[in-house]
1. Kindly list the residues of the range 246-283 that lie in the label zone of residue 41, defined by a backbone N under 17 Å from the point 7 Å along the Cα-to-C-beta vector.
2. What nm value, rounded to one decimal, do you get for the distance between residue 354 and residue 116 when each label is placed 7 Å out toward the C-beta?
3. Write down the percent of antiparallel bridges among all DSSP beta bridges whose residues are both part of the chain, to the nearest 5.
4. Tell me the label-point distance for the pair residue 292, residue 3, using the 7 Å Cα-to-Cβ offset, in nm and rounded to one decimal.
5. Taking only Cα atoms and a 10 Å spring cutoff, compute GNM fluctuations for the chain and point out the largest among 128, 325, 102.
6. Starting from 0.36 nm per residue, how many nanometres of slack lie between residue 124 and residue 347 once their C-alpha separation is accounted for?
7. Compute the FRET efficiency between residue 34 and residue 207 as 1/(1 + (r/R0)^6), taking r as their Cβ-Cβ distance and R0 = 22 Å, and round to the nearest 0.05.
8. Work out the FRET efficiency for residue 318 and residue 186 from their Cβ-Cβ distance, taking R0 = 30 Å, and round it to the nearest 0.05.
Ligand SMILES: Cc1ncc(COP(=O)(O)O)c(C=O)c1O
């Protein structure tokens, strides 16, 4: 096991002790399977408390599953899903929405990961054309794949525009906690008009726990009829669901002495670490050794740097290449912070970059 905390992904992080304690607390004797257990009843209550009395949640195993189940629930067979070109559903799910859900993704450019109401226009004209996949769902990611965060006004403008065009709105909330913490709003407020949420627990300190959450009251009836079947048919129905539900409930409801829930503590910390990392790298940006490519608004820092510098940092830390840089000898990388990233990890990476960057420059 590696003792180094890396910057590759918030999925690299360990499980938060309060989540492990919640698992241990339900690890006792026999309980009914497939969600008919007390821990899942407690999760249902937590969902209603956090997202509103009409909200209903369905625990699943992973974020791709939450997205596919959500999109299938929201779209007819002839539907298309408008999303950012960078959306996880478009580039990082091995075509699962297409292969499993039979849905066509309709991508639009989003240079900083965010969509605007105007970006819907590219596809809205296809409505009613029998030759075209029908753009009946908008999928928005908050915080985005590029580490940016929609303001509440921007989210509301986008979801209003989609609804006005007759679309339903899915929110990929693999990092909704990071967005809500960054905006200092509740999880429900951060959803700002979305109809169905993929609620992310794994990146926020859980072991492999996400949920499909139906938010729109008018969808309550049709989707509570459809979702149990969709979840099973897509192989996302867990038999020993108590262990998944307990994790999600811990994130939503486990509070510290100041009453701050675990989701917010974990996300605020990860965001703060990204801000610290960026500040520590700022002098190198000022010296032209590297260049920030996106604003840091949640828990990620995107930076373009010389390939030689990336290679020397990789002697200590793991992180992903995002895309080729603007010249052959540079690369854009993503540095991701997690609930367990420590200040010294950020400072160490920046110090290594400073020494390697300076010796690089003096060559
Ligand atoms: C934006 C986004 N959505 C969804 C996911 C869920 O992915 P997984 O299926 O690996 O849990 C991820 C994970 O990287 C993500 O970044």
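Values quoted throughout were computed directly from the atomic coordinates according to the rules given, and no laboratory measurement underlies them. Just so you know, these numbers come straight off a predicted model, no measurement behind them. Cβ placement follows ideal geometry from the backbone for every residue including glycine, while neighbour counts extend to all protein chains displayed.
1. Residues 246, 249 qualify, since their backbone N sits under 17 Å from the label point.
2. Placing both labels 7 Å beyond Cα along the Cβ direction yields 3.9 nm.
3. Among the beta bridges of the chain, antiparallel pairing accounts for roughly 55 percent.
4. Placing both labels 7 Å beyond Cα along the Cβ direction yields 3.3 nm.
5. 128
6. Stretched fully, the residue 124-residue 347 segment lengthens by 75.6 nm.
7. Efficiency, from the Cβ-Cβ distance: 0.70.
8. 0.35
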